[in-house]
Amino acid sequence: MTDATVLRLEGAAFTYPGGAGVSELDLAVEAGEAVALIGPNGAGKSTLLKGVLGLVPLTAGSVQLGTAAASVNASTSNDSTASAEPATHARNGMVSFLPQSAELDPDFPISLEQVVMQGRYRGLGLLRWPGRADRQAVREAIQTVGLASLAKHRFGELSGGQRQRGLLARALASEPRLLLLDEPFNGLDQANRDALIDTIRTLKHRGVAVVVSTHDLELARLVCDTVVLVNGTQLASGPVDEVLTLGNVQECFDGVGVEMDEHTLVVPGHEGH
Amino acid sequence: MNLVDALFGSFAIPFMGRALVVMLVLAVVAGLVGVLVNLRGLEFISDGLTHAVFPGLAIGLAVGGTAGLIPGAAIAALAGALALTWLDRAGITSDAAIAIVLTATFSVGVIVVSRSSDYAGELEALLFGRVLTIPPSEVVPLVVVSLVALAAVALTLKQQLFRAFDARGSRAAGDSSLVLDLVLNAAVALVVVAAASTIGTLLVLALLIVPGAVARLATERMWWLFPAAAAFAAIAAWLGLAAGYAISVGGGFDLPAGSTVVGVFVIGYGVALLVRVLLDRRHARTGRPRPTLEDAREARRGAEMAGLLSTPLVSPRKTS
């Protein structure tokens with residue numbers, strides 16, 4: 001493992017207490033590199049992301065984040081202390097997670113600026129309140145996603161795409177080394193997609209590692225270096241052009257009527273891209 | 001009696017002055033904690049705590065007299081906060097189950113109180129308070145309990161707001177939802193403890209819920225919610241005590257002080273709601289962007305307020 005490797009999974013499995021999960025994961029993400037996770041709904045893409053965050057227990061293999069690692073032997077698969085380890089890294093400000101903004105209460109009385117400031121909280125801890133450096137970081141993050149004119153607006157008044165960019169700004173404000181994006185393009189119009197793609201490129205230039213789950217092949221082709229196909233287990237991984245073939249994708253989506261071209265993936269029963 | 005006497009002069013009388021001090025402290029702290037109760041949708045848990053505290057009060061009174069009230073209530077409140085946090089996290093969403101547990105604890109309290117000689121008087125004092133007859137020795141403990149509740153919320157405020165807005169994001173950022181829930185529920189429990197001898201364990205629910213709801217009507221700016229709730233609570237507590245005094249002494253119609261205060265809180269909410277609706281209408285007519293408080297939500301909150309007064313036992317759980 002080189003110093004630049006930010007995330008490495010080796011034979012990793014993340015399993016919910018109920019038994020659902022995703023397994024046989026092997027991937028490495030270097031600083032400044034982006035990985036796309038592609039697979040049908042319910043394939044375990046979100047589970048993988050939450051597993052890296054420590055929100056879903058690691059039940060096999062190992063996770064290495066930066067220089068710290070958690071691993072589980074087959075014989076001690078119920079070892080909860082090992083699986084709790086990656087959450088510590090989230091606390092240390094290493095990993096940021098972009099949730100789906102649709103889950104948030106649009107009536108909540110909070111401004112975009114205040115949402116983005118939440119990204120600074122874990123660096124501040126309980127007792128300290130935001131200072132000048134924090135406000136500066138918040139301003140820069142909002143500028144990076146192109147929403148400077150809306151900073152004082154109430155978060156719930158923004159469009160879906162603007163909210164998504166706002167949450168991305170919150171993730172940026174925490175200055176992560178690894179950014180996890182869960183279906184960031186769902187329901188976005190072209191302008192918001194372009195803004196998001198620009199932001200991800202900017203982040204890569206700054207040396208942030210990115211893992212993004214998506215149905216959007218354009219996103220994978222434009223900004224990702226590696227693609228991982230997932231459906232319960234890891235089916236294939238490698239450079240975008242080698243892995244993202246019709247045959248591979250059909251196998252991943254169980255072959256049911258998948259169509260794809262340069263930009264999109266059309267799967268019956270799936271919304272969006 | 002003129003207006004100035006009612007609003008200011010009456011509080012020169014020692015028992016009225018003491019009542020004003022404890023009521024102001026309690027109302028402001030309950031209002032500030034109540035903003036988080038509102039944002040988290042914890043009205044049901046708050047209601048539960050008001051009932052869970054009751055047997056602790058009753059046992060404290062039976063064991064140690066009035067000096068046993070606060071320790072007994074504090075123990076019951078913290079146990080109740082633990083139990084309700086656990087029920088909530090275990091995903092036990094059955095209102096029936098929680099309501100059964102709470103009425104059970106309530107009846108235990110009534111049985112304990114019924115052993116004492118002045119059954120009706122003590123029951124009434126615990127449920128509806130005795131703000132005008134608080135002995136001077138109880139003022140400091142009440143203020144201390146209130147301030148501990150305030151400190152618990154103030155220390156975790158950033159994180160509480162983060163969790164209220166985005167529970168998963170807060171967990172992903174490494175905050176412990178268990179610790180945050182315990183701290184907030186314990187703060188609510190301590191407010192109920194402080195309320196037990198001032199306004200009573202049942203009526204305190206209005207102090208916890210109304211100022212936060214009024215603040216939501218008054219502003220959509222996060223940090224303004226807290227001064228708005230505190231200011232409303234302080235003014236309503238003061239006006240409530242003054243009105244109770246004026247009507248009882250000047251009008252010759254004996255009004256219970258605690259209930260009068262709650263009445264003023266609810267009237268204040270009604271006025272705030274009316275103003276909000278009228279402002280929204282005007283915004284709609286003048287074609288400016290309509291403030292986003294929706295009528296449906298207001299109607300629901302209004303119904304909750306009405307339910308609060310007519311059936312104080314268990315309010316419907318909010319689906320979040």
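The values are calculated or read from the model by the stated rules, or taken from the named source; none is laboratory data. Quantities reported herein were computed from a predicted structural model and do not represent experimental measurements. As a convention, Cβ positions derive from the backbone with ideal geometry for all residues, glycine included, and neighbour counts pool all protein chains shown. Calculation scope for accessible area: heavy atoms of the full protein, side chains included, ligands and nucleic acids excluded. Shrake-Rupley method; radii C 1.70, N 1.55, O 1.52, S 1.80 Å.
Checking the cross-link pairs A:Lys50/A:Lys204; A:Lys152/B:Lys158; A:Lys152/A:Lys204 against a 24 Å limit on the alpha carbon distance flags A:Lys152/A:Lys204 as lying beyond it.
Based on the alpha-carbon gyration tensor of segment A:102-174 and its eigenvalue square roots a ≥ b ≥ c, which shape applies: rounded if a/c is under 1.5, prolate if not and a/b is larger than b/c, or oblate? Intermediate results must be reported in sequence, preceding the final value.
On the way: a/c = 1.94, a/b = 1.44, b/c = 1.35.
In terms of gyration-tensor shape, prolate.
Start at zero, step by 20 Å, and the Cα-Cα distances of chain B spread as 33, 57, 10, 0 percent across the bins. Relative contact order for chain B: 28 percent, from Cα pairs under 8 Å spaced at least 6 residues apart, divided by residue count.
Accessible area per residue (1.4 Å probe, heavy atoms of protein chains only) ranks B:Leu278, A:Leu147 as B:Leu278, A:Leu147, with the largest value leading.
Estimated at 0.36 nm per residue, the fully extended path between A:Ala20 and A:Arg221 surpasses their Cα-Cα distance by 69.4 nm. Each of A:His215, A:His153, B:His283 has its accessible area taken with a 1.4 Å probe; listed largest first, they run A:His153, B:His283, A:His215. Taken along the Cα-to-beta-carbon direction at a fixed 7 Å, the label points for A:Glu10 and B:Phe15 span 7.8 nm.
Note on B:20-26: average number of Cβ atoms from other chains within 10 Å of each residue's Cβ is 0. A:Asp225 exposes around 70 Å² of accessible area when a 1.4 Å probe is run over every protein chain in place. Working from Cα pairs under 8 Å separated by at least six residues, relative contact order for segment A:102-174 is 50 percent. Calculated accessible area for segment B:3-286 comes out at 38 Å² per residue, all protein chains present (probe 1.4 Å; ligands, DNA, RNA ignored).
With a Förster radius of 51 Å applied to the C-beta separation of A:His205 and B:Val139, the computed FRET efficiency comes to 0.25.
Given a 1.4 angstrom probe, I'd like the percentage of the accessible area of chain B that is carbon and sulfur, rounded to a whole number. After summing per-atom areas, the C and S share lands at 71 percent.
Total buried accessible area between A and B, probe 1.4 Å, nearest 100: 2700 Å².
Over segment A:125-217, with every protein chain in place, what whole percent of the accessible area is carbon and sulfur at 1.4 Å, could you tell me? Could the numbers behind the result be given before it?
Numbers: 1870 of 3890 Å².
Here it works out to 48 percent.
In segment A:154-192, burial by the other protein chains removes 40 Å² or more of accessible area from A:Arg154, A:Arg170, compared with the chain on its own (1.4 Å probe, ligands and nucleic acids ignored). Close amide H contacts of A:Leu235 (hydrogens built in the peptide plane, cut-off under 5 Å, sequence separation of 5 or more or a different chain): A:Leu229, A:Val230. Spin-label model, B:Ser177 to A:Glu140: label points 7 Å out along the Cα-to-beta-carbon direction sit 3.2 nm apart. Placing a label point 7 Å from the Cα of A:Thr233 along the Cα-to-Cβ direction, the residues of segment A:21-51 whose backbone N falls under 11 Å of that point are A:23-25. Does segment B:1-104 classify as rounded, prolate or oblate by the C-alpha gyration tensor (a ≥ b ≥ c root eigenvalues; a/c under 1.5 gives rounded; else a/b over b/c gives prolate, otherwise oblate)? Oblate.
Hey, got a sec? Which trypsin sites (Lys or Arg not before Pro) in segment A:125-182 land in a DSSP loop and have at most 11 other Cβ atoms within 10 Å?
On the way: sites: A:Arg128, A:Arg132, A:Arg135, A:Arg139, A:Lys152, A:Arg154, A:Arg163, A:Arg165, A:Arg170, A:Arg177; in loops: A:Arg128, A:Lys152, A:Arg177.
Listed in order of number, the matching sites are A:Lys152.
Placing pseudo-labels 7 Å out from each Cα toward the beta carbon at B:Trp223 and A:Trp129 gives an inter-label distance of 0.7 nm. Put simply, the amide H of A:Phe97, placed in the peptide plane, has neighbours under 5 Å in A:Leu180, leaving out anything fewer than 5 places away on its chain. In order along segment B:261-273, the Karplus-derived 3J(HN,Hα) couplings, from 6.51 cos²θ - 1.76 cosθ + 1.60 at θ = phi - 60°, round to 4, 4, x, 5, 4, 5, 4, x, 4, x, 5, 4, 5 Hz, and Gly and Pro are given as x. Near the amide H of A:Glu30, within less than 5 Å, lie the amide hydrogens of A:Val6, all on another chain or at least 5 residues away, with H placed in the peptide plane.
Computed FRET efficiency, Cβ-Cβ of B:Arg115 and B:Arg285, R0 45 Å: what is it to the nearest 0.05? Working shown, then result.
Details: r = 63 Å, r/R0 = 1.40.
That gives a FRET efficiency of 0.10.
Hey, what number do you get for chain B at 222 nm if only DSSP H runs of n ≥ 4 count, each worth -39500 (n - 2.57), divided across all residues, to the nearest 500? Display every interim value, and only then the final one.
Working: 14 runs with 242 residues, N = 320.
My calculation for chain B gives -25500 deg cm²/dmol from helical runs alone.
Just reorder A:Ile110, B:Ile247, B:Ile100 by solvent-accessible area, largest first, 1.4 Å probe, all chains present.
Details: A:Ile110 0, B:Ile247 70, B:Ile100 115 Å².
My answer, sorted largest first, is B:Ile100, B:Ile247, A:Ile110.
Reducing segment A:195-240 and segment B:1-68 to their Cα centroids gives an inter-centroid distance of 56 Å.
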